[in-house]
Amino acid sequence: TLFEMAITALATGKPFHMEYYHSELNKWLELSVVKMDDDHLINLFRDITPIKESHRKLEESASRLAAVFN
């Protein structure tokens, strides 16, 4: 879980990075977590929905193009 990953980052000092879909916001988010000191983490969120949508459209186009050549 995200909580367990945060606890591990706090204990080890090893940062982590992930992407996930937030269904309530209907958005793809990128999360980076870095240890600041013994008691604090820095959490950075970025909306990557436009990037994910562009990738999806590109994959759909590639699939259609492959179907034409096949």
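General observations
- Rough spin-label spacing in nm, given labels placed 7 Å along Cα→Cβ, for GLU24 and ARG64: 3.6
- Entry for Cα extents along the principal axes in Å (calculated from the structure that is shown) out of (1) 57, 24, 18; (2) 28, 25, 17; (3) 42, 29, 17: (1)
- Cut-off 13 Å, label 7 Å out along Cα→Cβ of SER32, residues of the stretch 1-24 by amide N: 15-19
- Whole-Hz couplings from phi, Karplus 6.51/-1.76/1.60, listed for the stretch 37-49; x for Gly and Pro: 8, 4, 10, 9, 10, 9, 10, 10, 10, 9, 6, 10, 4
- Accessible-area value, ILE7, 1.4 Å probe, nucleic acids and ligands omitted, Å²: 80
- On the beta carbon distance between THR49 and LEU2, with R0 = 22 Å, the FRET formula returns roughly 0.70.
- Gaussian network model of the chain, springs between alpha carbon atoms under 10 Å - residue of LEU29, LEU44, LEU58 with greatest fluctuation: LEU58
- Other residues within the sphere of radius under 13 Å centred on the Cβ of ASN43, judged by their own Cβ, net out at +1 (K and R +1, D and E -1).
- Using θ = phi - 60° and Karplus 6.51 cos²θ - 1.76 cosθ + 1.60, couplings along the stretch 5-13 (whole Hz; Gly, Pro as x): 5, 5, 4, 5, 4, 5, 6, 9, x
- In the chain, GluC sites (Glu not before Pro) in a DSSP loop with at most 12 other beta-carbon atoms within 10 Å: GLU24
The values are calculated or read from the model by the stated rules, or taken from the named source; none is laboratory data. Every value quoted in this text rests on a predicted model; they were computed, and no experiment measured them. Note that we place each Cβ from the backbone using ideal geometry, even for glycine, and neighbour counts take in every protein chain shown. What goes into the accessible areas is simple: the full protein's heavy atoms, side chains included, and nothing from ligands, DNA or RNA. Shrake-Rupley method; radii C 1.70, N 1.55, O 1.52, S 1.80 Å.
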